[in-house]
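Derivation of every value follows stated rules applied to the coordinates shown; laboratory data play no part. Note that the coordinates shown come from a computational prediction; the quantities given were computed from them, not determined experimentally. Quick reminder, even Gly has a Cβ in these numbers, built from the backbone with ideal geometry, and neighbours come from all protein chains shown.
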Amino acid sequence: MTEPQPIAEEEIPDAVSGPADDLLSSLQILARTVERGFAGHLDEKHGITVSDWRVMLTLHRYPGMTAAEITSRWAMDKMAISRALQRLEEEGLIARARNPEDRRSYRLFLSGKGKEAFEKIIPDANERYRALVGCLSREEQAVVRGAFEKLTAQVDRLQG
């Protein structure tokens, strides 16, 4: 199969043709819609926000990450991560340890209670994930993932 050719610049519709008529608006709407579909489910069943879940998932996979690393990994607002960390710490779900490489920051870990909560949530999170993306074949998922990675790399290049 040949690699699809990029569309000529003059063939790309302007972003001002109408609300949600351009690709970037469609991506934003999709992201918000999927987040609500996923987050609402987690909040309803487990009383956690999507930001809480992203922190827990990250610390399960990568124990010892800093808040800045989590923020960067999810391309999220610092305040959203900060609020999630505060909630999770108040509930005893995460623990902090001074970062030996940078004494101004902390390495973050799921606590014992956090690990237990994670194990209770992950089956529902996985089920919801499969329900959301299950309408796409593996091939379609690969195409979408490839397109997202390509757009992300382009944004990174443009930001310098």
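Values as computed for the structure displayed
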{"item": "Test item: Cα-centred dipole of the chain, Lys/Arg +1 and Asp/Glu -1 on Cβ, debye", "result": "1060"}
{"item": "As computed over the chain, the Cα convex hull volume per residue (Å³)", "result": "171"}
{"item": "Charge dipole of the stretch 26-159 about the Cα centre (unit charges at C-beta), most positive-ward option of Gln141, Leu59, Ala97", "result": "Ala97"}
{"item": "Whether the stretch 83-160 is rounded, prolate or oblate, judged on the alpha carbon gyration tensor where a/c under 1.5 counts as rounded", "result": "oblate"}
